[in-house]
1. For Gly85, indicate whether it is in a loop (DSSP other than H, G, I, E, B), at pLDDT below 85 and surrounded by fewer than 23 Cβ atoms within 10 Å (Cβ to Cβ).
2. Do the conditions hold for Thr210, that is, is it farther than 21 Å from Leu55 by Cβ and under 15 Å from the mean Cα position of the chain (by Cα)?
3. Right, Ala161: buried (at least 17 other Cβ atoms within 10 Å of the Cβ), under 17 Å from Leu65 (Cβ atoms) and among the small types (Gly, Ala, Ser) or not?
4. If you check Asp102, Asp67, Asp153, Asp77, which single one turns out to be charged (D, E, K, R) and touching a helix residue (DSSP H, G or I) at 6+ places or on another chain (Cβ under 8 Å)?
5. Based on what the data block shows, is Gln50 out of contact with any strand residue (DSSP E or B) (no Cβ under 8 Å at 6 or more places or on another chain) and at pLDDT below 85?
6. Is it fair to say Gln114 is touching a helix residue (DSSP H, G or I) at 6+ places or on another chain (Cβ under 9 Å) and among the polar types (S, T, N, Q)?
Amino acid sequence: MARHRKKIIDLMSAIVLLALVALDAMLWNSIFGAAKNGRRTGIYFLPVTQGESALLILPNNVSILTDAGSDAAIVDDLQKIESSGDAPYIDLAIISYPQSTDYAGFESLLDHYQIGAFLYNGRGDITHSADWQKLTDAINAKHIPLITICAGDRIRYGPAAKIEILSPDATFARSPEPSDTGIVQRITTPNLSVLLAADIDVNVENRLLTHGNDIKANILKAPFPGVATASGDAFLRAVAPKTIVVTPGAKNTASAPTKEMLTHLVSSTSATIATTGRGAFLLYNK
């Protein structure tokens, strides 16, 4: 993996991002120069076919999409929440880890949307390498930056929003186990706090607990299997969510939340358990 330096990506400043990731000034102007209107500020959890996907909308319609599911269904999912004036544009796309059920939808998305930059954990050799190569070829063909991020990096959008990357650290980023490498994001805005925890397992949860990370959030995207049993209860208590979102995918064949997991969540927390289900999305803006 290429040597990594801690990064703060400021979405309001072309100069800062230019210094950090050497983006061309004309490219940066195209990233944030698109006309935008319309969608409500908040986070949408999208009912992709397999895997998961979450769309964060910030003031001025800045959009950050984490994961895109397994297929072209993501295009329809996004179009259902767009207003007529929305440009087909995504400012940042984040790939939690190279597992095709979570990233393969980006390939279809590239045929319909412009994307400013992709962020990922630096690993392309874990699983489904042929699918990963196909996606990265498409990204490179469109000259879209593909940027490695890890624990300690931050994404800022003026005073309105901050995304802290809590994991993977250097050790987990090299792990052969995909769940160890998942990107964990803590999103905070004046009206919203969300922990997007990929599908980390208990060992990553324990690392977050023991290294002093602030993981408290009103909304938790449930990582499974990491909260499937009592071993994940300390993590749930530290996050203290008011809502736990379960994103099974409409046709998941693997890693779907089990009845036992959902029963455990209900019995171990006072949070509301919400699911994207089929053909629906959830919006949180408070």
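1. For Gly85, the condition - in a loop (DSSP other than H, G, I, E, B), at pLDDT below 85 and surrounded by fewer than 23 Cβ atoms within 10 Å (Cβ to Cβ) - is met.
2. No, not satisfied.
3. Against the criterion (buried (at least 17 other Cβ atoms within 10 Å of the Cβ), under 17 Å from Leu65 (Cβ atoms) and among the small types (Gly, Ala, Ser)), Ala161 qualifies.
4. Answer to the check: Asp67.
5. yes
6. When the stated conditions are applied, Gln114 passes them.
The values are calculated or read from the model by the stated rules, or taken from the named source; none is laboratory data. Not measured: the values here are computed from a predicted model. Cβ: placed from backbone, ideal geometry, glycine included. Neighbour counts: every protein chain shown.
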